[in-house]
Amino acid sequence: MKRQIFNFVKRLLINTLATTALSIFLMCIVAIIKGFTLMTLVAPFQILLVNFLAHIGFILFDKINMKYKIINYAVMLVYLIGILLGFGFLFDWFAVNEIWIVCVVGVIVFVLAIIMDIIKINRDAKEINASLDELRKRKNNNDKTE
């Protein structure tokens, strides 16, 4: 049980910090393009909070077994856009005509996070398959020696 809690917290922190860094980087690029000269000190902490809440929701959505994974991703994306819009208005991140900027940054971060997740799943599957192959070889060697 302790191991599961540790893995849950580890996964939550790694994913939250990774997407927070990516979000801040993309928002800085948007700020440069739009000609903004000031990013408040609290903005990174606000972005961290939004990413933390998003990842808690994502983990909960992963627990729900949907027939198609694409539906799960669509629900997660709608959830993310809802959080971005809600906290965007709460923290006064944008004017009404700039909502699309935050949504586009959110979608980009979401897609990159999914790509990173798929790469991690493929890497983990290869490691598991290699371990299984090693176990099969050991079993075959033990069977031959007996």
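The values are calculated or read from the model by the stated rules, or taken from the named source; none is laboratory data. What you see is a predicted model, and the numbers here were worked out from it, not measured in a lab. For neighbour counting, all protein chains shown are included, and Cβ atoms are generated from backbone atoms with ideal geometry for every residue, glycine included. Remember, those area values only see protein heavy atoms, side chains included, never the ligands or the DNA or RNA. Shrake-Rupley method; radii C 1.70, N 1.55, O 1.52, S 1.80 Å.
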Ranked highest first by average number of other Cβ atoms within 10 Å, how do 125-135, 102-112 line up? 102-112, 125-135
Rounded to the nearest 0.05, what FRET efficiency do LYS67 and TRP100 give with R0 = 22 Å and r taken as the Cβ-Cβ distance? Could you check? 0.10
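For the cross-link pairs LYS69/LYS126; LYS34/LYS120; LYS63/LYS120; LYS63/LYS137; LYS69/LYS120; LYS10/LYS120, which exceed 25 Å when the distance is taken from alpha carbon to alpha carbon? Could you put the intermediate results ahead of the total?
On the way: LYS69/LYS126 21 Å; LYS34/LYS120 34 Å; LYS63/LYS120 18 Å; LYS63/LYS137 35 Å; LYS69/LYS120 16 Å; LYS10/LYS120 15 Å.
Over 25 Å apart, Cα to Cα: LYS34/LYS120; LYS63/LYS137.
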Give the residue from ILE29, ILE70, LEU85 lying farthest towards the positive end of the charge dipole for the chain; charges sit on Cβ (+1 for Lys and Arg, -1 for Asp and Glu) and the dipole is referred to the Cα centre. ILE70
Segment ASN122-ILE56, length gained on full extension (0.36 nm per residue, minus Cα span): 21.5 nm
Inter-probe distance in nm under a simple model that places probes 7 Å from Cα toward Cβ, at PHE89 and LEU77: 2.3 nm
Can you tell me the FRET efficiency between SER131 and VAL111 if r is taken as the Cβ-Cβ distance and R0 is 25 Å, rounded to the nearest 0.05? 0.20
Answer in debye to the nearest 20: the dipole magnitude of the chain about its Cα centre, from +1 Lys/Arg and -1 Asp/Glu charges placed on Cβ, is 620 debye
Just to be sure I understand the rule: take each whole DSSP H helix in the chain, project its Cα atoms onto its long axis, keep it if the span is 20 Å or more and its mean Kyte-Doolittle hydropathy is at least 0.5. Which ones pass? 2-34, 43-63, 69-90
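Contact order normalised by length for the chain, with contacts defined as Cα pairs under 8 Å and 6 or more residues apart; what percent is it?
Relative contact order here is 24 percent.
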Cβ neighbours within 10 Å, averaged per peptide: list 30-36, 44-50 in order, most packed at the top. 44-50, 30-36
Per residue, how much accessible area does the chain show when a 1.4 Å probe rolls over the protein heavy atoms, in square angstrom? 73 Å²
Multiplying the sequence separation of ARG138 and ILE32 by 0.36 nm and subtracting their Cα-Cα distance, what value in nm do you get? 32.3 nm
The alpha-carbon center of segment 53-91 and that of segment 5-40 are separated, in whole Å, by 17 Å
Partner aspartates and glutamates for LYS139 [C-alpha distance under 15 Å; skip if fewer than 8 residues away on the same chain]: none
